[in-house]
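Have a look at the structure below before the remarks.
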Amino acid sequence: MIGNSFSSYVRDYDFSVVLLDHFDKNPASAPPEDFGDLHGKLFQHLLYSEAYKAHFTKQPVICLSVSSTKTYHRTGNQHPVLGVEYRQDGCSLNKGSLTDEYFFKMGLTVRYFMPTNSVAPLAFYFVGDLLSDYSDLELISAIATMETFQKITGLRFTMPTPEQARSISQA
């Protein structure tokens, strides 16, 4: 399954360098209005390119552990692989956490699920229909990639909220 890729390096640079530099210079401001625009355009250009279409038949799924100041509410939906679905307060098609807004600029939608034995929901960013466009094995691979990444590093890799980014840059 296609998912975390070179795009993650661009995203990490945007959040770890560009955003922190912005907050260092403008501590009381919101993120720049164009934050993520370039990455969004590059990502969409890649997805709709002839080269991508020649090598891949499905769109990518990016799975991240959730970290947000928003509240997540359990829904009645339960998937055999992804677990219980959650909804985030204040999240809509184009407005959610800073991370969600960043992924929306990449043309991705988000759904939150908490697999069995997990301690927090996972955010799945995708194009199309997450539950019908991918097999159970493909969804398992997205979860396994995220869990393996966390075990290797011993950390939960998530994008900081603006408040977290400000406190990091002030430390």
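Quick notes on this one:
- LEU137 accessible area, assembled protein chains, probe 1.4 Å, Å²: 130
- Cα-only radius of gyration and Dmax that characterise segment 1-72, units Å: 15.1, 46
- Extension gain, THR109 to SER132: 0.36 nm times the residue separation minus the Cα-Cα distance gives 6.8 nm.
- Magnitude of the charge dipole for segment 1-148, about its Cα centre and with charges confined to Cβ atoms of Lys, Arg (+1) and Asp, Glu (-1), is about 200 debye.
- Per-residue SASA remark: ASP100, around 0 Å² accessible (1.4 Å probe; ligands, DNA and RNA not included).
- Applying the criteria of a DSSP loop state and at most 14 other Cβ atoms within 10 Å to the trypsin sites (Lys or Arg not before Pro) of segment 10-62 yields LYS58.
- In this structure, the residue pairs whose Cα-Cα separation is over 31 Å, taken from LYS53/LYS151; LYS25/LYS53; LYS25/LYS105; LYS25/LYS151, are LYS53/LYS151; LYS25/LYS53; LYS25/LYS151.
The values are calculated or read from the model by the stated rules, or taken from the named source; none is laboratory data. The shown structure was predicted, so the numbers you read here are calculated from the model rather than taken from an experiment. As a convention, Cβ positions derive from the backbone with ideal geometry for all residues, glycine included, and neighbour counts pool all protein chains shown. These accessible areas exclude ligands, DNA and RNA; they are computed on the full protein's heavy atoms, side chains included. Shrake-Rupley method; radii C 1.70, N 1.55, O 1.52, S 1.80 Å.
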